[in-house]
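Peer 1: Got a structure for you, questions after.
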Amino acid sequence: MTISEVAKKCGLSTDTLRYYERIGLLPMVTRTSSGLRDYQEKDLNWIEFIKCMREAMIPVESLVEYISLFSQGVSTREARKAILTKEYEALLDRIEAMRKGAERLKYKIEHYDKIMEHSEKRLLNE
């Protein structure tokens, strides 16, 4: 697949795909004899993984390190697991912070609802 086809299929820009390749997130995309990128199924799998991790707010630096270790083979499994574990725990912390923020927002919205309801009742009684 061409870079344009992959960009459309994956919902990313061609610039993003080129960036991912340049910084080492997309390991060695196959090239045609004329030098054009020719994405294979394995590349699409990496892109899906990267998108999922980025949506979970995993830092690019952690992903680059993970993919670099992956390319070094099975001897890096423990180190890769450690990266994923660290990022998972950080994600859980962010989720908890977001949950607390959502609760605070809900409280404030309910507070304004009460104030506005009280104000409306007062205006009707005047």
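Peer 1: If each residue of separation counts as 0.36 nm, what is the full-extension length gain between Thr14 and Phe70 once their alpha-carbon separation is subtracted?
Peer 2: Working: separation 56, 0.36 × 56 = 20.16 nm, distance 2.44 nm.
That works out to 17.7 nm of additional length.
Peer 1: Also: So, taking all protein chains as they sit and a 1.4 Å probe, how much accessible area belongs to Leu92, in Å² rounded to tens?
Peer 2: 80
Peer 1: To continue, here is another question. Which net charge results when you count Lys and Arg as +1 and Asp and Glu as -1 among the other residues whose beta-carbon is under 13 Å from that of Thr2?
Peer 2: +2
Peer 1: Another question about this same structure. Treating only the Cβ of Lys, Arg, Asp and Glu as charged (+1, +1, -1, -1), what charge dipole size does the chain show about its Cα centre? Round to the nearest 20 debye.
Peer 2: Its charge dipole is roughly 80 debye.
Peer 1: Among Lys51/Lys86; Lys8/Lys42; Lys8/Lys106; Lys42/Lys86; Lys51/Lys108; Lys42/Lys81, which pairs are too far apart, with a Cα-Cα distance over 28 Å? If you can, show how the numbers build up before the last one.
Peer 2: Values: Lys51/Lys86 18 Å; Lys8/Lys42 17 Å; Lys8/Lys106 37 Å; Lys42/Lys86 26 Å; Lys51/Lys108 34 Å; Lys42/Lys81 21 Å.
Listed pairs above 28 Å: Lys8/Lys106; Lys51/Lys108.
Peer 1: Between 0 and 90 degrees, rounded to the nearest ten: what's the tilt of helix 41-55 against the longest Cα principal axis of the chain?
Peer 2: 30
Peer 1: Compute the accessible area per residue over the range 1-74, keeping the other protein chains in place, probe 1.4 Å, unit Å².
Peer 2: Averaged over the residues of the range 1-74, the accessible area is 61 Å².
Peer 1: Please give the helix 77-125 orientation as an angle from the longest Cα principal axis of the chain, in degrees from 0 to 90, rounded to the nearest 10.
Peer 2: Rounded to the nearest ten degrees, it is 20.
Peer 1: Summarise the accessible area of the chain (1.4 Å probe, protein heavy atoms) by the percent that is carbon and sulfur.
Peer 2: Carbon and sulfur: 57 percent of the exposed surface of the chain.
Peer 1: Another question, if that's okay. Report, in deg cm²/dmol and to the nearest 500, the calculated mean residue ellipticity at 222 nm for the chain, where each DSSP H run with n ≥ 4 adds -39500 (n - 2.57) and the sum is divided by the residue count.
Peer 2: When only DSSP H runs of four or more count, the value is -25000 deg cm²/dmol.
Peer 1: Lys and Arg at +1, Asp and Glu at -1: add these up for the other residues within a Cβ distance under 12 Å of Arg80 and post the number.
Peer 2: Summing Lys/Arg as +1 and Asp/Glu as -1 gives 0.
Peer 1: Over the chain, what is the mean sequence separation of C-alpha contacts under 8 Å (at least six apart), divided by residue count, expressed as relative contact order in percent?
Peer 2: 17
Peer 1: What does the accessible area of Phe49 come to, in Å² to the nearest 10, when a probe of 1.4 Å is used?
Peer 2: Looks like 50 Å² after rounding.
The values are calculated or read from the model by the stated rules, or taken from the named source; none is laboratory data. These figures come from a predicted structure and were not determined experimentally. Quick reminder, even Gly has a Cβ in these numbers, built from the backbone with ideal geometry, and neighbours come from all protein chains shown. Heavy atoms of the whole protein, side chains included, go into the accessibility calculation; ligands, DNA and RNA do not. Shrake-Rupley method; radii C 1.70, N 1.55, O 1.52, S 1.80 Å.
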